[in-house]
1. Anything over 28 Å Cα to Cα? Flag those among B:K4/B:K80; A:K204/A:K286; A:K287/B:K23; A:K4/A:K178; A:K22/A:K178, in the order listed.
2. Averaged across A:268-276, how many Cβ atoms of other chains sit within 10 Å of each residue's Cβ atom?
3. Considering only chain A, pick the residue with its Cβ nearest the axis of the rotation onto chain B, and state the distance in whole Å.
4. May I ask you to report, in nm to one decimal and beginning with the shortest, the distances from B:G169 to the same position in the other copies, taking label points 7 Å along Cα-to-Cβ?
5. Please compute the Kirkwood hydrodynamic radius of region B:179-287 from all pairs of different C-alpha atoms, in Å with one decimal.
6. Beta carbons within 10 angstrom, averaged per residue: use that to sort the peptides B:277-286, B:241-250, highest first.
7. For A:G208, go 7 angstrom from Cα along the Cα-to-Cβ vector, then report the distances to that same point in the other copies in nm, smallest first.
8. What average count of beta carbons from other chains do you get within 10 Å of the Cβ of residues in B:237-248?
2 protein chains.
Amino acid sequence: MIKKLTIFGVGLIGGSLALALKKAGYCEKIVGCSRSEDHLKRAIELGVIDEYTLDPVAAVEGADIVLLAVPIRAIPHILKTIVPHLEINTIVTDAGSAKGSVLAAAKEAYGGTLPANFVAGHPIAGREKSSVEAAIDDLYIDHKVILTPTSETSSEAVLTIKEMWQVTGATVETLDVKQHDDVLAATSHLPHVLAFSFVNALSKSEYGDAVFDYTAGGFESFSRTASSDPVMWRDICLDNKTSILAALDNFQQDLAGLRDSIQDDNAEEIESLFLHAKTTRDRIIKKS
Amino acid sequence: MIKKLTIFGVGLIGGSLALALKKAGYCEKIVGCSRSEDHLKRAIELGVIDEYTLDPVAAVEGADIVLLAVPIRAIPHILKTIVPHLEINTIVTDAGSAKGSVLAAAKEAYGGTLPANFVAGHPIAGREKSSVEAAIDDLYIDHKVILTPTSETSSEAVLTIKEMWQVTGATVETLDVKQHDDVLAATSHLPHVLAFSFVNALSKSEYGDAVFDYTAGGFESFSRTASSDPVMWRDICLDNKTSILAALDNFQQDLAGLRDSIQDDNAEEIESLFLHAKTTRDRIIKKS
């Protein structure tokens with residue numbers, strides 16, 4: 001049970017957590033904080049939060065848990081603002097898609113050492129829309145939330161954040177920071193980067209817009225991630241740069257091999273590569 | 001109205017055409033031909049075809065239209081077998097995903113000159129499954145069929161094939177052969193090649209299968225085309241090699257530019273590229 005939860009950035013992610021906790025009766029008071037008063041008023045109207053303030057310092061006063069559900073590049077500034085005012089027992093967590101950069105920002109904000117009660121986290125859930133209007137109380141059911149505690153993090157703080165997410169119906173797992181960033185770079189960030197680039201490459205076609213006149217289901221599903229929020233994904237690329245570049249290089253190496261097989265009319269090799277991919281994907285999708 | 005339609009390869013594509021024509025009462029007799037008698041018997045049971053034969057020469061006897069709906073690499077052999085036995089008025093058409101290679105095979109089978117009554121075609125439709133069991137009478141409704149007549153093709157033959165596809169509810173358009181192959185390479189063949197390679201690159205992760213433990217919707221949609229039939233896509237890569245390699249090179253060039261922007265922390269450039277892709281895709285999807 002949480003007495004006071006403060007959410008910075010009451011959008012899809014923060015708002016959906018608030019709704020799920022309210023539904024479960026797991027939180028006495030949820031306070032929203034952001035730079036947009038209109039936005040916070042809307043969150044009140046929608047019953048997502050109980051109170052709001054535009055003042056970050058007032059927002060964290062007496063909070064059991066502070067969730068940073070803002071765009072990932074906004075986290076460092078908020079941390080710098082609130083850390084000097086946090087009470088000793090307040091646990092701070094976040095929902096950013098990259099964890100190494102968030103932990104680095106936290107370390108800096110906390111004066112060079114990560115505190116016991118900072119728990120980096122990443123709920124793996126989303127919808128096409130990202131505003132508070134899109135928040136739903138069942139967003140996290142059967143979804144995974146990854147926490148990346150470090151050696152400094154207290155196991156009690158981890159347990160508190162774990163329980164909070166479990167109340168929403170999520171499965172909570174812990175991962176090493178680098179493993180989180182590498183794995184998410186490969187399975188989530190890379191397909192976004194590739195889809196953006198794929199659509200851009202096509203848009204430069206000598207046939208102009210006519211290149212898009214005969215698109216079918218393959219195009220639509222493959223390019224879906226290219227309709228994602230450009231600013232959010234720009235920030236993820238900047239924040240998880242190292243892992244994303246590594247994943248990109250692995251992909252380009254594999255693609256160069258496949259290109260050679262096509263160039264050489266190597267039917268056997270092409271079929272073997274395609275079969276391996278199909279077998280792998282069918283196994284993954286069946287499991288999930 | 002067609003008196004006799006012969007279909008080589010009664011799978012999803014040929015079978016769905018047969019069902020649509022039967023439903024419309026547009027065809028008196030549909031004869032199936034393939035190398036598998038079990039398969040043809042199943043097509044009879046399902047009411048997809050009226051008769052079958054394992055003999056290609058008998059199959060085309062007296063046919064108004066012969067449709068080659070076999071895997072694209074099987075087309076040259078069938079053409080060689082049937083061409084000497086075709087009646088003067090029989091129109092031959094196909095359903096292959098690449099058109100330059102099919103026309104080259106036809107030219108060879110017809111002794112070096114394309115005849116007036118060979119109409120290369122490509123219905124842009126598909127389902128996850130590809131067997132005759134997956135055939136449905138509404139597969140082509142609101143889908144496009146592209147015909148790529150050459151200067152040798154008679155406009156009457158084109159009209160006959162156009163009408164046949166229109167009866168199924170499809171929109172029929174004609175395109176230049178090279179434009180068809182380039183455009184389909186970019187919007188359909190390339191996303192298949194990339195998705196196969198993407199899944200393979202991930203399968204080589206240092207984290208083993210654990211890399212796939214946290215996949216979400218982005219992975220699933222982006223990799224969907226990697227669950228396609230490896231043999232069919234191998235053949236498309238071999239048959240449309242030139243256009244696919246060109247599309248692949250364009251993509252790799254674009255991706256290299258995006259990689260540089262990430263490497264250089266060029267936030268403005270990354271955002272601009274992502275925004276351009278999103279704007280383009282949202283416009284395309286809205287139109288379609």
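1. A:K204/A:K286; A:K287/B:K23; A:K4/A:K178; A:K22/A:K178
2. Working: counts 1, 1, 10, 7, 2, 7, 16, 6, 6.
For peptide A:268-276, the averaged partner shielding equals 6.
3. A:S221, 2
4. 3.4
5. So the Kirkwood estimate lands at 15.9 Å.
6. Final packing ranking: B:241-250, B:277-286.
7. 5.5
8. What the average comes to for B:237-248 is 3.
A short reminder: the numbers here are calculations on the coordinates, not readings from a lab. No experiment lies behind these values; they were computed from the predicted model shown. All Cβ positions, even for glycine, are placed from backbone atoms using ideal geometry, and neighbour counts span all protein chains on display.
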